[in-house]
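Reviewing the structure listed below.
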Amino acid sequence: MPAAASHEHRSDGPGVRLRSGEGRAVIAAAVLGSALAYMSDDMLNVALPSVSDDLGVGVSEMQWVVNGYFVTMLSLMLTAGSFGDIRGHRRTFLTGLAVFAGGAVVAATAPALPVLVAGRAMQGVGAALLLACGLALVNGSFCEHERSQAVGVYMGLTAVATAAGPVLGGLLVDLVSWRAIFVAPLVFPVAAAFVTYTAVPETSPNPARSVDTKGALLAFLTISTLSFALIRGPTGWLRPDVIVALAAAVVSAWAFVRSQRHGTDPMLPLGLFRNRTFSGGNAVTLVSFMVSAGAFLFLVVQLQTTLGYRPVSAGAAFVPLYLIMLVGSPQSGRLADKIGARVPIVAGNLILAAGIWRLSLVAAGSEFLPDIFPGMIVLAVGLATLGAPLTSATLSAVREHDQGIASGVNNTVGQLAGLLMIVVLPAVAGLSGQTFDSPEFADGYQLAMRVCTLLCLAAAGIAGITIRPRNAPTVQ
């Protein structure tokens, strides 16, 4: 496919219907695969003390167990999406399930830390394939007038399934062993593989394209070094390893852009970003995901440090939020299919801003039902309103043969938003170098939440300018 045509809006064929057998199979497979990728990290978090004791390693060594998965997954997301466009998303999704399961077996049987890190890195490779191709399968399989609704169903079910990760992980560690958190979830890839192999239709592969090995390597170097710098930076931005990582990220990013601009068959055709909806949608994703991740983090810590909630109580407080997303995401997707994505995305960010502003008032003495619960409900409604329309509009702005790389870009942006949140929000709130139980956290909490409110308003403005109205021609 010529690079010059890569930024055109894709033509829409009949597609799969949401209530058909194939439609249910696509949703089930994508949810099982994506939830597996997200749950794995959450389940490991609750098992870290047990792993540390069993293997006889400290906190600094355990960071590699977490970051080995995260950095590998994030660094390969673009490559995974491009690979899916070339080979077919169904076929690549099945490969991701196999790689992830293989990594789980390695991690579960690891006799020492290096083997565990290797298994987690292998799982990160599988997770990149699952997330990029799972979302591409959903957005690329359904007919146009049900696409946003299908994305909403996928997002709602994935959120609820992911929320079970910490609970399931805690039970497995307490009742069996930390190794069980890698073995028990293998039912997910087995079930997903069966559904995918027997009932999910393949998207159109593009064998005329070739794998951009140079671009893939440069993308990996750029994102892995940037991720390393953002993870290590808060402990000291002038540390030699952080400076080297940032310099390497800049150089490799420059080389990547140059290779994509002048390559004959680039993995990321830069023409995609001439599409205003695609570029704007990813910008809104970056801001909205950073805001939601930051609000979740600061609120759950505020509940525990300032209000004295136990961890299990603080976690349980978020259950209504996930239930609202489960019910509301398909409804907002259905609305976007009818009236277009711009209005739900703008409205969702405004509602999200109102919810976060209300939660910024949570302080010592606040009670759950009158002071906290209303803000959480508003926040949840905002997330449910904007999530599915935003994802669907961003991916649907590009043609079918670019769905994988578009999904890879969107997933990469979402994951980078989480890293930026960890770096930016504590800094603007004056909490860099502070511990969560420090006296300064209560004041910093309010400032951080109000910064999130302003960022939501900015996201609403970006969406209003860049997201195209229904049936409007795509801006090239």
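What the table below lists for this structure:
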item: Filtered residue count, segment 393-421, keeping only those that are within 21 Å of Glu202 (Cβ to Cβ), buried (at least 24 other Cβ atoms within 10 Å of the Cβ) and more than 14 Å from the chain's Cα centre (by Cα); result: 7
item: Candidate set from segment 226-247 (those that are farther than 18 Å from Gly68 by Cβ, of a type in the set (A, V, I, L, M) and assigned to a helix (DSSP H, G or I)); member that is modelled with the lowest pLDDT; result: Val242
item: Verdict on Tyr309 being hydroxyl-bearing (Ser, Thr, Tyr) and free of Cβ contacts under 8 Å to residues at least 12 places away in the same chain; result: yes
item: Residue in segment 40-70 that is farthest from the chain's Cα centre (by Cα), counting only those that are surrounded by 19 or more Cβ atoms within 10 Å (Cβ to Cβ) and either of a type in the set (Gly, Ala, Ser) or assigned to a loop (DSSP other than H, G, I, E, B) (or both); result: Ala47
item: Out of Thr435, Thr466, sole residue that is at pLDDT 90 or above and out of contact with any strand residue (DSSP E or B) (no Cβ under 8 Å at 6 or more places or on another chain); result: Thr466
item: Selected residue (only one of Ala184, Ala219, Ala199 is at negative phi, small (Gly, Ala, Ser), touching a Ser or Thr at 6+ places or on another chain (Cβ under 8 Å) and modelled with pLDDT of 85 or more); result: Ala219
item: Any hit, segment 340-360, residues being within 15 Å of Val300 (Cα to Cα), assigned by TED's automatic domain parsing to the domain that holds Gly464, assigned to a loop (DSSP other than H, G, I, E, B) and touching a residue at least 24 places away in the same chain (Cβ under 8 Å); result: yes
item: Residues (within 17 Å of Phe298 (Cα to Cα) and assigned to a helix (DSSP H, G or I)) located in segment 361-373; result: Phe368, Asp371, Ile372, Phe373
item: Boolean, Gly33 is on the phi > 0 side of the Ramachandran plot and either surrounded by fewer than 17 Cβ atoms within 10 Å (Cβ to Cβ) or within 17 Å of the chain's Cα centre (by Cα) (or both); result: no
item: Residue check for Val66: in contact with a Pro (Cβ under 9 Å, 6 or more places away or on another chain) and in the same structural domain as Val167 (by TED's automatic domain parsing); result: no
item: Flag for Ala380 being outside the structural domain of Ala163 (by TED's automatic domain parsing), touching a residue at least 12 places away in the same chain (Cβ under 8 Å) and under 30 Å from Thr277 (Cα atoms); result: yes
item: Pairs with Cβ under 8 Å, 6+ apart, first in segment 33-49 and within 14 Å of Gln123 (Cβ to Cβ) and in contact (Cβ under 8 Å) with a residue 40 or more places away in the chain, second among the basic types (Lys, Arg) and crowded, with 19+ Cβ neighbours inside 10 Å; result: Leu44/Arg120
item: Residue list for segment 170-225, restricted to those being in a helix (DSSP H, G or I) and among the basic types (Lys, Arg); result: Lys214
item: Selection count, segment 64-86, where residues are more than 19 Å from Leu268 (Cα to Cα) and among the β-branched types (Val, Ile, Thr); result: 3
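Per-residue answers, yes or no, for (1) in a helix (DSSP H, G or I); (2) under 16 Å from Gly33 (Cβ atoms); (3) under 15 Å from the mean Cα position of the chain (by Cα); (4) not β-branched (Val, Ile, Thr):
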position: Thr79; (1), (2), (3), (4): yes, no, no, no
position: Arg90; (1), (2), (3), (4): yes, yes, no, yes
position: Thr95; (1), (2), (3), (4): yes, yes, no, no
position: Ala110; (1), (2), (3), (4): no, no, no, yes
position: Thr162; (1), (2), (3), (4): yes, yes, yes, no
position: Leu168; (1), (2), (3), (4): yes, no, no, yes
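The rows are residues; the columns are (1) in contact with a Ser or Thr (Cβ under 8 Å, 6 or more places away or on another chain); (2) part of a helix (DSSP H, G or I).
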position	(1), (2)
Phe256	yes, yes
Pro266	yes, no
Ser279	yes, yes
Ala295	no, yes
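The values are calculated or read from the model by the stated rules, or taken from the named source; none is laboratory data. As the structure is a computational prediction, the values presented were derived from the model and not from experiment. With ideal geometry, Cβ positions are generated from the backbone for all residues, glycine too; neighbour counts draw on all protein chains shown.
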